[in-house]
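Trainee: Pasting a structure here, questions to come.
Here, each number is a calculation from the coordinates, and none is a lab measurement. Bear in mind the structure is a predicted one, so any value in this text is a computation, not a measurement. Note that each Cβ is placed from the backbone with ideal geometry, even for glycine, and that neighbours are counted across all protein chains shown.
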Amino acid sequence: MPIAQGYKDSTQFEKMRDYILIAGRSNPELAQSIGRILKKEVTCPISNFSDGEIRVRIKPNLRRQKVFIIQPTSTPVNEHIMELVFMCDAAKRASASEVIAVIPYFGYARQDRKELSRVPISAAAVSSLLINAGVDKILTIDIHSEQLEGSVKQPWDNLYGSYSLLPVIKKRKLKNIVVAAPDKNGMLRATGYAKLLNAHGVALVYKERDVTLHNVSNAMGMIGEVNDKDVLLVDDMIDTAGTIVHAANFIKMKGAKSVRVAATHGLFTADALKKIGESAIDEVVVTDTIRPRDEIVKNKKVTIVTVAPLIAEAIRRIRTGESISQALIL
C-alpha cells in the first residue's frame, strides 16, 4: 500500500483506533507531520519543574492501547534520552498494552564497542535503560551500528533513510553516477545505493582515524574511478563534516565532475556548515530525523527531506501487523 493512501474500509480504521501518538520536545515538527499523515493527534506531555527536573504527565487514557513515543535523541542528547525514558515509564505504568519507542536518530549509537580500555559501551547502556523503562519495541532509522539491535531481546526495526533520500537524488538526473563511501564501514551502504541508482560504479575513500582524538581523520587514498563522473557520497550522518568534506575534496581532486552527499542524520555540529560551504561539495541532502536549525534550513548547499511518510507508514504497518521489510526497507 502506498504511503498515506488511507484506509480501505471501516474495519481497518477501527483496528487503527486503539493506538496513541506521543512526542517529546526533540523534534515536534516531525512528530506533528507524522500525526497529520496518520490523522491522529500527537500530544507532548513534557514540562519542567522550577529546578529543571523533567515532568511527564500523559493526559489521554492509555489502558490497553499501543503507545508510539516519537523522540529522536539528538542535542541536548542526555535531556532528550531522559524525556524518552520517563515517557516510556509513564506509559507502561498507565497499563499501555505495548510501548513502541520511535527514535529516528539514536544518540550514543557510535559508542557501540570498547575501542579503548576502561570505556563504557554507551549504546548498549542506553538501550538497556529504555528496556528497563518498559519499551516493548524500538523503531530507528539508519542506526549507526546495526549490531546494536542484538544488545536487547525486544524487537528492533531499523528503517533505511534511502527510502526518503533516493527520490530526491533521482530528480537530479545525474549521468555517469558513481556512488562513493567516505570510509570502509560505508561500503555496504554505498553498494546498496549504487544498485538502486543503476550507478556506473562504486568508489571507496580510505582514511586513517586517530582513536585518541574525536572527529579527526585523514583521507589516504581511493579505490574506484571517479574521473569525469557525477559522484554521490553516502553516509549515515554528518557531524562535524570533517570526514565527508575531506573525502569530497579528495574525490574532486581525482577529477570528479560533481560531488553530492546523501546522509540520513544531519547533526552539523561545530563549524560543519562552514566546512561544507568552502568545500567541493555541490549539494548535501539530509533528512529531518534531527530537528534542523534555522542556519541549516537557510543554507544554500543543504536540502532537507522529511522522513514523516516513512515513519508514518512504519507505524501503520506495526499496528496492523503487516510486513515492514517488504515495503519500507530498500
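Trainee: Considering only DSSP beta bridges where both residues belong to region 82-227, give the percentage that are antiparallel (nearest 5).
Mentor: Antiparallel: roughly 35 percent of the beta bridges in region 82-227.
Trainee: For the chain, take the longest principal axis of its alpha carbons; what is the angle in degrees between that and the long axis of helix 187-197, to the nearest 10 within 0 to 90?
Mentor: Relative to the chain, helix 187-197 is tipped by roughly 90 degrees.
Trainee: Ok, one more. Give, as a single signed number, the net charge of other residues whose beta carbon lies under 11 Å from the beta carbon of THR264, with Lys and Arg counted +1 and Asp and Glu -1.
Mentor: Counting the neighbours of THR264, the net charge comes to -3.
Trainee: Please compute the net charge surrounding ALA31, taking Lys and Arg as +1 and Asp and Glu as -1 over other residues with Cβ under 12 Å from its Cβ.
Mentor: +1
Trainee: So, one more: How far, in nm, would the chain grow between LYS301 and LYS175 when pulled straight, counting 0.36 nm per residue and subtracting the alpha carbon separation?
Mentor: 43.4 nm
Trainee: Now for a separate question. Could you work out how far helix 122-132 tilts from the main Cα principal axis of the chain, as a 0 to 90 degree angle to the nearest 10?
Mentor: Result, in degrees: 20.
Trainee: Right, something else. Treating only the Cβ atoms of Lys and Arg (+1) and Asp and Glu (-1) as charged, compute the dipole magnitude of the chain about its Cα centre; round to the nearest 20 debye.
Mentor: Computed charge dipole of the chain: roughly 720 debye.
Trainee: Can you compute 3J(HN,Hα) from phi for each residue in region 152-168, using the Karplus curve 6.51 cos²θ - 1.76 cosθ + 1.60 with θ = phi - 60°, rounded to whole Hz and x for Gly and Pro?
Mentor: Taking θ as phi minus 60°, the curve returns 10, 8, 6, x, 9, 9, 10, 8, 10, x, 4, 4, 8, 7, 4, x, 5 Hz for region 152-168.
Trainee: To the nearest 20 debye, what is the magnitude of the charge dipole of region 149-201 about its Cα centre, counting +1 on the Cβ of each Lys and Arg and -1 on the Cβ of each Asp and Glu?
Mentor: 380
Trainee: Mind checking the angle between helix 242-253 and the chain's longest principal axis? C-alpha axes, 0 to 90 degrees, to the nearest 10.
Mentor: 30
Trainee: For region 232-323, what does the convex hull of the Cα positions come to per residue, in cubic angstrom?
Mentor: Taking only Cα atoms, region 232-323 has a hull volume of 104 Å³ per residue.
Trainee: Tell me the mean residue ellipticity at 222 nm calculated for the chain from its helices only (DSSP H runs of n ≥ 4, each -39500 (n - 2.57), averaged over every residue, nearest 500).
Mentor: Computed mean residue ellipticity for the chain: -9500 deg cm²/dmol.
Trainee: Which of the aspartates and glutamates could a cross-linker span from LYS298 if the Cα-Cα distance has to be under 15 Å and same-chain partners fewer than 8 positions apart are dropped?
Mentor: GLU283, ASP288
Trainee: Separate question: SER325: net charge of surrounding residues, Cβ under 11 Å, Lys/Arg +1, Asp/Glu -1, itself excluded?
Mentor: After counting each charged neighbour, the total is -1.
Trainee: Rounded to the nearest 5, what % of DSSP beta bridges with both residues in the chain are antiparallel?
Mentor: Of the beta bridges lying entirely in the chain, close to 15 percent run antiparallel.
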